1. Answer rounded, prolate or oblate for the range 88-143, using the Cα gyration tensor with square roots of eigenvalues a ≥ b ≥ c: rounded when a/c is under 1.5, else prolate when a/b is larger than b/c, else oblate.
2. Efficiency by 1/(1 + (r/R0)^6): what FRET value for residue 52 and residue 221, r their Cβ-Cβ distance, R0 = 41 Å, to the nearest 0.05?
3. By how many nm would the segment from residue 139 to residue 240 grow when fully extended, if each residue of separation counts as 0.36 nm and the alpha-carbon distance is taken off?
4. Name the long-range amide H neighbours of residue 249: under 5 Å, sequence gap of 5 or more, or other chain; modelled H, no Pro or chain starts.
5. Expressed as a rounded percentage, what relative contact order does the range 25-161 have, with Cα pairs under 8 Å and six or more residues apart?
6. Multiplying the sequence separation of residue 230 and residue 107 by 0.36 nm and subtracting their Cα-Cα distance, what value in nm do you get?
7. Using the per-residue mean of other Cβ atoms lying within 10 Å as a proxy for protection, in what order, highest first, do the peptides 132-142, 225-235, 64-74 fall?
8. What list of ³J(HN,Hα) couplings, whole Hz, do you get for the range 59-70 from phi and the Karplus terms 6.51, -1.76, 1.60, once you set θ to phi - 60° and write x for glycine and proline?
Amino acid sequence: MSAPSARPAPEASSGSQPGPVLVLLVRAAHPRQAVITALAMAVAAAASGRSLREVGLVLATVLVGQAVLGWDNDLVDAPADRAPERSDKPLATGALERGTVGFALACAVLLLVPLALSSGIAAGVAYLASVVVGVAGNRWWRAGLLSWLPWAVSFALYPSYLSYGGCGGAAHGAPPTIAMTALAAALGVGVHVLTSLSGLVDDRAAGRRHVPLRLGLRLGAPRLLALTLAYCAVVTGLMALAASTVGLSD
């Protein structure tokens, strides 16, 4: 009597494979920008004299906040990203479902609020406001001449987040200096151009006419990249100079 043929094992659904889904969620969160921003803020917090515990809190808060912005960006851009078949966008390729990203985004927001407020009310409100501005920029300003505005406003709020409060709100801090706030806003404009360069072709095809695209069409992408890197280096140097002279807080 012959042995019964083995039945093929049923394919596991995406929901039963937490590893791949987690990897896709990380990719959709714009991890490079998230990690660089979080590390830069943590270094700034350490340079301003915050304790190691507070530096860790800043790192965690900004990392979660950047994930919120990354997931929101991909949710907003998913229809446009499908047209050029963006292989780097899990939502655009269908590898990741909108509901999964939406759930992760909601969980991240619920985590972000207490994390931000753990640095004190004033500091937490400043950081949460920067995230709200970024979310608004994803929806209403990023395609036109005001594409730079949410980046400038968001970055201008970062010194307030660092200068106010401390871990657990134990310290009340002080307002940031005008120089640091203005320089942070200027840096935000430069970072906006840098992060837009890789998607200029797709943005033009999608009908966007934001500032980096207009500059790229006029100057060419290689020259714009070089000029933007030089601009960001100068602004960063001026921020270091301001930190050593006027300081972060008034």
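No value in this document is a laboratory result; all are computed from the given coordinates. Fair warning: this is a prediction, and the values are worked out from it, not measured in the lab. Neighbour counts run over all protein chains shown; Cβ positions are idealised from the backbone, glycine included.
1. Oblate is the answer for the range 88-143, as a/c is 1.5 or above yet b/c matches or exceeds a/b.
2. 0.50
3. Details: separation 101, 0.36 × 101 = 36.36 nm, distance 3.30 nm.
Length difference between fully extended and current span is 33.1 nm.
4. When sequence neighbours closer than 5 places are left aside, the close amide H contacts are 177.
5. 22
6. On the way: separation 123, 0.36 × 123 = 44.28 nm, distance 3.80 nm.
Going from the current span to full extension adds 40.5 nm.
7. So the peptides 132-142, 225-235, 64-74, ranked by packing, come out 64-74, 132-142, 225-235.
8. Using θ = phi - 60°, the values come out as 4, 5, 4, 5, 5, 5, x, 5, 5, 4, 5, x Hz.
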